[in-house]
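Structure record follows, encoded as structure tokens.
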Amino acid sequence: MKMNRQSSKPSRNISRRSFLKRAGLVAAAAAAPMFIPASVLGRNGAIAPSERINMGFIGLGGQGSGHLMGGAWTYVPGGYVARKDVQVLAVCDVFRERRERARTHCNEVYAQRLNQATYDGIKAYNDFREVLARPDIDAVLVAVPYHWAPVIACAAMRAGKDVYCEKPMAITMNETTELLATANRWGRIYQAGTQQRSEYAGRFRLACELVRNKRIGELKEVYAFRKPGVFFPSDLSPKGSKPIPDGLDWDMWVGPLPWRPFNGMPAQTVPGLFVGDVNWGPHHYDIIQWTVNPDVTAPIEAHLENGEVRYRYSNGVIVKSEAYPGESVGKDGGACFVGTKGRIAVDRDSIVSYPESILKEPIRPNDIRVYHSNSQSGNFLDCVRTRQPTICNPEVAVYTMRALFTGGMALALERPVTFDPVKVEFVNDEEANRFCSYAKRPPWWI
């Protein structure tokens, strides 16, 4: 089809009457008062758009939808979409029903907030790469199956996005190394979803500060109440196969794992991939690392004793993976710190001390204090603005996962192992080092 070149050019023959009419309209517009909504100016309790953090949410299962729309993991009524300092722009999940439900909900929240009949500012995606390609998104929250978390987090940071990532933040030693290197190279803010440092009325922080200030004397032992864990692949092939449900992108769900046919929706952890606990354990081992405060450059030793993992740190502290005998606080996950003058046990509901007087003596002005945060999500958003490290920054997250994997490797191999965090390898242990990575399915290399 030929284009009429003349018709595409603006006409230069503007009559005097047309010119005066246009000039009059411009003058009238300039003279008329301009009405700007208070929300644009940040008035009446609103936050101006320029001050809001534009976010995308990748993974909308239990934790992801809880963060976005309100649930046990966000600690803010209504979730991130209810926050006035956040603008949700995108939602992503391989389940069509999940992403459409989230999109509809967020659009309804914003329509109500703006006193509009409808709102259509949220886009839903099946492929996370489309979210990361958007230049208007500042940060993403990643709450996906375990094998996807480090892959998507690293891709997001390379795309210039800040990241809040649910645990486990990685499933192999090599992934922890790549996660840390990526965050440092690209200068991105990263928050791990081990929220016990921030939430639960500060009980874990109080326990940490009391132990560090030697209220129980010299720390000797810690009871973790949970086993560590490690990625240790075995047979990935399910028995038989079933039709893939409509609306599920199964190929994308499998992602970097070796291909396996659909045989019913697996649990968050694909059966046969893990030994020990890589999901619930990171919360508690994170608090233990925080409190024991070991030399992060010193080797971590782990061995088995009566089927339980024992860690020995460079400062002489022994960490045991079992419960403290007879102690009810921590039985569902927590920690019990035993010193020469007493002990403290803490979990999400309670903190107790023996003797009781330990908890009655307040922290003194000159005592050792640790990073203070009362909101994991709030701390993340504050750090996105200030560019300061988060309370569970990459160094913290990586050290916790490496300790967890070290104990998990001893559990899987049923023998002692020693991990060197400087060389990022197990010392003189070719067998253990073979399990520091796995062959990812193309194109999902980190």
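Treat each spin label as a single point 7 Å out from the Cα along the C-beta direction, and report the residue 369 to residue 296 distance in nm.
Between residue 369 and residue 296, the label points sit 2.1 nm apart.
Greater than 30 Å separation of Cα atoms is the criterion. Which listed pairs, 214/320; 84/360; 331/360, meet it?
Table pairs above 30 Å Cα-Cα are 84/360.
Test of the criteria: in the stretch 371-446, which trypsin sites (Lys or Arg not before Pro) are in a DSSP loop and have at most 12 other Cβ atoms within 10 angstrom of their Cβ?
Answer by residue number: 387, 423.
Where does the chain land at 222 nm, in deg cm²/dmol rounded to the nearest 500, when only DSSP H runs of n ≥ 4 count, each adding -39500 (n - 2.57), divided by all residues?
-9500 deg cm²/dmol
Per the 1.4 Å probe, what fraction of the accessible area of the chain, in percent, lies on carbon and sulfur atoms?
Accessible surface attributable to carbon and sulfur in the chain totals 52 percent.
So what's the gap between the Cα centers of the stretch 396-446 and the stretch 58-78, to the nearest angstrom?
31 Å
Sort out for me the Cα centre separation of the stretch 310-356 from the stretch 198-260, rounded to whole Å.
Using only Cα atoms, the two centres lie 20 Å from each other.
What order do 369, 226 take when sorted by accessible area (1.4 Å probe), most exposed first?
Largest accessible area first, the residues go 369, 226.
Note the full-extension length gain between residue 185 and residue 96 as 0.36 nm times their separation in residues minus their Cα-Cα distance, in nm to one decimal. Don't skip to the answer; put the middle values down first.
Numbers: separation 89, 0.36 × 89 = 32.04 nm, distance 3.44 nm.
28.6 nm is the gain from fully extending residue 185 to residue 96.
Which value, in Å² and to the nearest 10, is the accessible area of residue 69 when all protein chains are kept and the probe is 1.4 Å?
The value for residue 69 is about 40 Å².
Leaving ligands and nucleic acids out of the surface, order 321, 328 by accessible area at 1.4 Å, largest first.
In descending accessible area the options line up as 328, 321.
Which sequence of 119, 438 reflects their accessible areas, 1.4 Å probe, from the largest down?
Accessible-area ranking of 119, 438, largest first: 119, 438.
The values are calculated or read from the model by the stated rules, or taken from the named source; none is laboratory data. Computed from a predicted structure; not experimentally measured. Positions of Cβ are backbone-derived with ideal geometry, glycine not excepted, and every protein chain shown enters the neighbour counts. Remember, those area values only see protein heavy atoms, side chains included, never the ligands or the DNA or RNA. Shrake-Rupley method; radii C 1.70, N 1.55, O 1.52, S 1.80 Å.
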